Amino acid sequence: SEELSTYWAENREALLTLIEQVHTGIKGMILDSETNMSVGANATVKIEGIEHDIISGPSGDYFRLLNPGTYNVTVMKQGYKPKTFEQILVRNQSRPSIIGELPTTIFNISIDAEPTKEFISVVQSDFGVVDKEEIAYLKKK
């Protein structure tokens, strides 16, 4: 037990720094841009240049471990338009000054719903929209 105390004393700072680094990256909520409500589970968060994507949790929350640097972040979810955010900065933050505060960049994301084929079909049949330019306009809304 005395040996363990010695090892702890010699390595305490290094171990605490390692534990803190586990929380470096970005985190936040993925929200519907019109309702400001969570889009729920299964939104994909992609980081350009990194092969491992992450998926949002049931409440639309996500967490992505990242080294300090600048990243392009793309969010995708079925029924929503993919959205890319460029030059998102992840800082190399030193040990938090407040207990419980993490060195994580908070990055809440709003994405736009995409009209479904069924919606476009209803608009076409109910309002006579058949022009491709009008359909393209509806898809942008």
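The values are calculated or read from the model by the stated rules, or taken from the named source; none is laboratory data. As the structure is a prediction and not an experimental result, all values here were calculated from the model. Positions of Cβ are backbone-derived with ideal geometry, glycine not excepted, and every protein chain shown enters the neighbour counts. These accessible areas exclude ligands, DNA and RNA; they are computed on the full protein's heavy atoms, side chains included. Shrake-Rupley method; radii C 1.70, N 1.55, O 1.52, S 1.80 Å.
Brief remarks follow.
- Mean Cβ count within 10 Å, highest first, over the residues of peptides 11-23, 58-70: 58-70, 11-23
- In this structure, the amide hydrogen of SER110, modeled 1.01 Å from its nitrogen in the peptide plane, lies closer than 5 angstrom to those of LEU31, counting only residues at least 5 positions away or on a different chain.
- ASP112 accessible area, assembled protein chains, probe 1.4 Å, Å²: 60 Å²
- Cβ-based net charge around TYR62, under 13 Å, with every Lys or Arg adding one and every Asp or Glu removing one: +2
- Each Lys and Arg Cβ is given +1 and each Asp and Glu Cβ -1; about its Cα centre, segment 1-48 then shows a dipole of about 220 debye.
- Rolling a 1.4 Å probe over the protein heavy atoms of segment 7-51, with every protein chain left in place, gives an accessible area that is 55 percent carbon and sulfur.
- Most positive-pole-ward Cα, GLY69, GLY49, GLY25, against dipole of segment 20-88 from beta carbon charges: GLY49
- Exposure rank, largest accessible area first [ILE47, ILE54; 1.4 Å]: ILE54, ILE47
- The residues of segment 1-75 expose on average 64 square angstrom of accessible surface per residue, using a 1.4 Å probe on protein heavy atoms.
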